[in-house]
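K.L.:
Here you go, one structure.
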Amino acid sequence: MTTFPPVPADLFRFTATDQAELHTAVLRVFGVANERLQTVLTTDDVQQRLRGVGWSEQLTDDELQTSLNALRGWGLVDAQQHQYGLTKLGEAAYAGVQHATHTLAAHGALQTAVLDAIAAHLDALAQPLDDHRTFTTLIELEGHLEVFATNTTRFNADLQRILRDEQADLATFQDVKRTTVTYLRDFIADLDARKHGIREAIDRIDPQQLHERARNGAGLVAEQWSQQRKANWSSLKSWFHDNPPRVEELQDVSRKAIVQLLRVLDRISEQRKKPTNTAADFRALAKWFARTETEDEAHELFNAAFGLYSARHAHLAHADGELLPSGEAWENTPPVPVSPQLRATGKQEHIGATGKVRNVDEVRRNRREQAQREREELEYAWSQIQTDGAIRISTLTNLDHDTFHRLIDLVGRALGSDPDSTGTRSAGTSDGRMQINLRNARGWATMTTQKGTLSGPDYVIDVQSR
């Protein structure tokens, strides 16, 4: 028969009475004092320190004494010569309250930085270290593993609660779509490489020798300490080494959560969709126009509402359109006369012949020339770097400004693309003949040109011809 360690019946009884807030505040006074190595307090000490733990109401000496007597009756506080201190049960009750409060206020997270810290500590433990350093590194590793496991559990619980909440408003899910879905996708994209690196690091370590060196470094002989280290190592292997590792379950949960989250968003959107009312829409739009203060604001609102951004989309054109640049803003061009009949009936007085089909040969030629020029500039920029393979941005200390401009343009395009399963981002020239591959180098880079200095995250770049 499976048994669990019993919890004393009176351990948390103070939280279920009419004076639960007072009892909790008094217990917190003793807990804070304990953290400052003050193990006993008088009644006056408790009275003076209540405000420091958040108790703002006026409290009489009789009310405080009643609370102390109640805590003493439950075995949480002991008294001797008018001095009070926490018992072992009191310390456990205070720790339970602290943990419960922290859990209620905490939010989970999937932190790739913690995975990197786990990998770094495993790499360190695989190297020859003295016993003291082995002990401290192992304890730090276990701390990172605990943080990762706790945050993962909380994040999954928070996410599942959101998915089960049928009453959540649309704005909440729109925010989740913008942040959480992208967050999960990026985490999954980088997870494969990280988990393989951690698994390889685990294979390089003999846990028995590691725990023996750590115990020597700690100066301990307790068997219970060694058993706890073995349990923590088993937990590490269950996350990243067992077949299948628990981290793969995390990947599956994340992928399913993305799909389910988007489905719930679509369902709520359909449920809350209302029939459109054109008259009401135009009245609302008229109110927005009435609140604009300048013509520029009115034009901006008009463009946002109707999507008519430039003069070439208008029904009427200038008599000699060749005189006007196609990119010129319509408010800067000469006005076009509008027929009164067009205003009244929606038709022009004279219907002219159908316009000629536009000759796009010149446009195509210009685009080809631009693509060729872009490719030649990139090939020249890459040749100036004098390398035959991948290179870190941090090694490019002094660059010609034109070379820097062309290279940073492609880096920007690559950063705007989605990473593949290895975390590599790619982008190409407009004709597709040159491609840049970009990988995170986990560092910081500084590039200097004649016009200034640019600092940012370091990347490994590789430009290839197709």
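K.L.:
Output yes when any residue across the stretch 406-423 is modelled with pLDDT under 70, on the phi < 0 side of the Ramachandran plot and open to solvent by 50 Å² or more (accessible area, probe 1.4 Å), and no when none is. Before the answer, list the steps.
P.N.:
Kept after step one, since they are modelled with pLDDT under 70, are these residues of the stretch 406-423: none.
Checking the stretch 406-423: not a single residue is modelled with pLDDT under 70, on the phi < 0 side of the Ramachandran plot and open to solvent by 50 Å² or more (accessible area, probe 1.4 Å).
K.L.:
What number goes with the only condition from (1) of a type in the set (Ser, Thr, Tyr); (2) farther than 29 Å from Trp233 by Cβ; (3) modelled with pLDDT of 85 or more that Thr179 does not pass?
P.N.:
It is condition (3) that Thr179 fails.
K.L.:
When Gly197 is evaluated against the numbered criteria (1) at pLDDT 75 or above; (2) open to solvent by 90 Å² or more (accessible area, probe 1.4 Å); (3) in a helix (DSSP H, G or I), which criterion, by number, is the only one it fails?
P.N.:
(2)
K.L.:
Same structure, new question: Hey, among the residues in the stretch 59-86 that are among the polar types (S, T, N, Q) and surrounded by fewer than 16 Cβ atoms within 10 Å (Cβ to Cβ), which one's modelled with the lowest pLDDT? Give the derivation first.
P.N.:
Filtering the stretch 59-86 down to residues among the polar types (S, T, N, Q) leaves 60, 65-67, 69, 80-81, 83.
Narrowing further to those that are surrounded by fewer than 16 Cβ atoms within 10 Å (Cβ to Cβ): 60, 65-66, 69, 80-81, 83.
Details: Thr60: 84, Gln65: 86, Thr66: 88, Asn69: 86, Gln80: 82, Gln81: 79, Gln83: 85.
Among those that are among the polar types (S, T, N, Q) and surrounded by fewer than 16 Cβ atoms within 10 Å (Cβ to Cβ), it is Gln81.
K.L.:
Across the stretch 1-58, which residue is modelled with the highest pLDDT among those that are loosely packed, with under 10 Cβ neighbours inside 10 Å and not in a loop (DSSP other than H, G, I, E, B)?
P.N.:
Taking the candidates together, the pick is Glu35.
The values are calculated or read from the model by the stated rules, or taken from the named source; none is laboratory data. Note that this is a predicted model, so its numbers are computed, not measured. Every residue, glycine among them, receives a Cβ derived from its backbone with ideal geometry; neighbour counts consider all protein chains shown. Heavy atoms of the whole protein, side chains included, go into the accessibility calculation; ligands, DNA and RNA do not. Shrake-Rupley method; radii C 1.70, N 1.55, O 1.52, S 1.80 Å.
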